[in-house]
1. With the requirement that a residue be surrounded by fewer than 19 Cβ atoms within 10 Å (Cβ to Cβ) and in contact (Cβ under 8 Å) with a residue 24 or more places away in the chain, what does the stretch 175-184 give you?
2. For the stretch 246-285, name all the residues that are under 25 Å from Tyr229 (Cβ atoms), of a type in the set (A, V, I, L, M) and touching a helix residue (DSSP H, G or I) at 6+ places or on another chain (Cβ under 7 Å).
3. Which residue is surrounded by the fewest Cβ atoms within 10 Å (Cβ to Cβ), if the candidates are limited to the stretch 192-216 and must be under 13 Å from Phe164 (Cα atoms) and in contact with a Ser or Thr (Cβ under 8 Å, 6 or more places away or on another chain)?
4. Looking at Arg113, Arg170, Arg195, can you tell me which residue is out of contact with any His (no Cβ under 7 Å at 6 or more places or on another chain) and under 29 Å from Ser271 (Cβ atoms)?
5. Suppose we filter Ala93, Ala108 for residues that are at pLDDT below 95 and under 20 Å from the mean Cα position of the chain (by Cα); which single one remains?
6. Can you pull out the helices (runs of 4 or more DSSP H) entirely within the stretch 190-292 that have at least 1 residues that are in contact (Cβ under 8 Å) with a residue 12 or more places away in the chain and small (Gly, Ala, Ser)?
7. Within the stretch 208-223, identify whether any single residue is among the β-branched types (Val, Ile, Thr), assigned by TED's automatic domain parsing to the domain that holds Glu285, within 12 Å of the chain's Cα centre (by Cα) and under 25 Å from Ala81 (Cβ atoms), and answer yes or no.
8. So the check is Cβ under 9 Å with 6+ separation or different chains; which pairs have a first residue in the stretch 111-129 that's in contact (Cβ under 8 Å) with a residue 24 or more places away in the chain and a second one that's surrounded by 15 or more Cβ atoms within 10 Å (Cβ to Cβ) and of a type in the set (D, E, K, R)?
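The values are calculated or read from the model by the stated rules, or taken from the named source; none is laboratory data. Since the model is a prediction, treat every value here as computed from it, not as a measurement. Don't worry about glycine lacking a Cβ; one is built from the backbone with ideal geometry, like all the others, and counts go over all protein chains shown.
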Amino acid sequence: MDNRAEVRQFLSSRRGRITPEQAGIEPYGGRRRVPGLRREEVARLAGVSVDYYTRLERGNLHGVSDSVLDAIAGALELDRAEHDHLYDLARAANTSGRKRAAGAGGSAPSKVRPELQYLLDAITEAPAFIGNNRLDIVAANTLGYALYSDMYRNPSRPANHSRFIFLDPRAHNFYTDWDRAAHTNVAILRREAGRNPHDKGIAELIGELSMRSDVFRTLWAAHNVRRHYAGTKFFQHPVVGLLELNYQVLGLEEDPGHTLTVYPATPGSTSAEALKLLASWAVTENIVETAQAKVGS
């Protein structure tokens, strides 16, 4: 990922969404040709010179201090995910060439330690899976494989959330709000790309999706980022129907680049009963063996 271009496009897109009225300042200068704040107004809000902010927005974050980043984030009204993303971009800009070369291609492994599979298998009442920073599913429990069974239909590729959402027509039925799922997925992938700017696997995935999906390409150009740790999701599973599942995403400190996601249903709910049916179906159809065979092929 081109760090300078990413910085330039991210900052200019955030600047363009805020009006002087929203920022609580008097408009600077005369007639406005573009929406949003001018660079001069952002500089004033952040307490830096116009020349310095212009340098930053042109993609040069070399040597920028945390205090300046915080001031820029405040001026542009960045949320937590956007603030973190700006820090990620600055870190990448200030990493030496030697360190960049050493980190190039450092994708998270596509397999997990046996102990993590044991952990997944111990979770029996909720779908659970371990994902990497390319948004692949690298391991799952029985209900996890069953929930995402459609994602394992292509044996030539690892199960990947982004490819499924943008390249598989079944995803439009699986996600009850496909548009929201698509927006969220792109925002998560962009955050991962910012955190791992020299990851060849992420870059190749972005390139593939940009070539094959007009929707992805449009959403990617918006430069939105998002944190994704907890909430509720709705799925229309082809076997058991509508599922309303809570989710929690947990980082794995000993396994950088991997997260554990668990989807429990509210106890006593229709979704909890549906998960019981899903577990029975998974055993009857040998879902785990089929999915693992495709992953290993």
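1. Our first condition is that a residue be surrounded by fewer than 19 Cβ atoms within 10 Å (Cβ to Cβ); within the stretch 175-184, this holds for 176-180, 183.
Thr176, Asp177, His183, listed by residue number.
2. Answer for the stretch 246-285, where residues must be under 25 Å from Tyr229 (Cβ atoms), of a type in the set (A, V, I, L, M) and touching a helix residue (DSSP H, G or I) at 6+ places or on another chain (Cβ under 7 Å): Ala265, Leu275, Leu278.
3. Here the residue is Leu205.
4. Details: Arg113 fails: under 29 Å from Ser271 (Cβ atoms); Arg195 fails: under 29 Å from Ser271 (Cβ atoms).
Selected residue: Arg170, the only one of Arg113, Arg170, Arg195 that is out of contact with any His (no Cβ under 7 Å at 6 or more places or on another chain) and under 29 Å from Ser271 (Cβ atoms).
5. Values: Ala93 fails: under 20 Å from the mean Cα position of the chain (by Cα).
Only one candidate qualifies: Ala108.
6. Because the criterion is at least 1 residues that are in contact (Cβ under 8 Å) with a residue 12 or more places away in the chain and small (Gly, Ala, Ser), the helices (runs of 4 or more DSSP H) in the stretch 190-292 that meet it are 200-212, 270-284.
7. Taking the stretch 208-223 and keeping what is among the β-branched types (Val, Ile, Thr), we get 215, 218.
Subset that is assigned by TED's automatic domain parsing to the domain that holds Glu285: 215, 218.
From what is left, the residues that are within 12 Å of the chain's Cα centre (by Cα) are none.
The answer is no; no qualifying residue exists.
8. Val112/Asp255; Arg113/Asp255; Leu116/Asp255
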